[in-house]
Amino acid sequence: LVTAISGAFVAGNDAGMAFNVWPYMVDDRDVGGEATFVPPDLLELQPLWRNMFENTACVQFDHRMLAYGTALSGTGLFALARSGAWHALPIVTRRFVAAGALAVVGQASLGVATLLYVVPIELAA
């Protein structure tokens, strides 16, 4: 839920139109620069709390970090369940865990594709 709310801030700030590389936030290696996971202007606004809502770099970075956490949680739960207790779980629970992992991977893939293709409306909607 928090990741989805963060996505609303990304849309509201048009943050999907910036930082259109992945997995890096900035990739200037083609022009002799560096590739970084953390954008240089992450906390440029004062007071600092404004960055979470108004700074395009920070909003995009926050959404990515929340998405990574969501993806790790969903796939991690599936991997943990499969590693030991899978057959002890009721069939409904197994289906729910598998469907959740599939949904998380699908959503993360859709998010990365939307970012790389600079927010085409077919992917972003």
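The values are calculated or read from the model by the stated rules, or taken from the named source; none is laboratory data. As the structure is a computational prediction, the values presented were derived from the model and not from experiment. FYI the Cβ positions are ideal-geometry reconstructions off the backbone, even for glycines, and counts take in every protein chain you see. In case anyone asks, the SASA skips ligands and DNA or RNA and just uses the protein heavy atoms, side chains included. Shrake-Rupley method; radii C 1.70, N 1.55, O 1.52, S 1.80 Å.
Could you grab the relative contact order for the chain? Cα pairs under 8 Å, six or more apart, rounded to a whole percent.
Over the chain, the number comes to 27 percent.
Which value, in debye to the nearest 20, gives the size of the charge dipole of the chain about its Cα centre, when Lys and Arg are +1 and Asp and Glu are -1 at the Cβ?
840 debye
Take each complete run of DSSP H in the chain, measure how far its Cα atoms stretch along the helix's own axis, and keep only those covering 20 Å or more with mean Kyte-Doolittle hydropathy at least 0.5; list them.
Passing helices, by number: 56-80, 91-116.
Can you tell me how much longer the chain between Ala35 and Ala113 gets when fully stretched, taken as 0.36 nm per residue apart minus their C-alpha distance, in nm with one decimal?
Result: 26.1 nm gained on full extension.
Tell me, what % of the accessible area of the chain is carbon and sulfur with a 1.4 angstrom probe?
On the way: 5560 of 8090 Å².
About 69 percent, which is the carbon plus sulfur part of the accessible surface.
Counting only heavy atoms of the protein chains, get the accessible area per residue of the chain (1.4 Å probe) and round it to a whole Å² value.
Here the per-residue accessible area is 65 Å².
Could you state the per residue volume, in Å³, of the convex hull enclosing the Cα atoms of the chain? Walk me through the numbers before you get to the answer.
Details: hull volume 15.7 nm³, N = 125.
With only Cα atoms used, the chain gives 126 Å³ per residue.
Considering amide H positions built from the backbone, and no H for Pro or chain starts, which residues 5 or more places from Val26, or on another chain, come under 5 Å of its amide H?
Those qualifying (amide H under 5 Å, at least 5 residues apart or on another chain) are Thr36.
Looking only at Cα atoms, what is the convex hull volume of region 22-68 per residue, in Å³?
That works out to 67 Å³ per residue.
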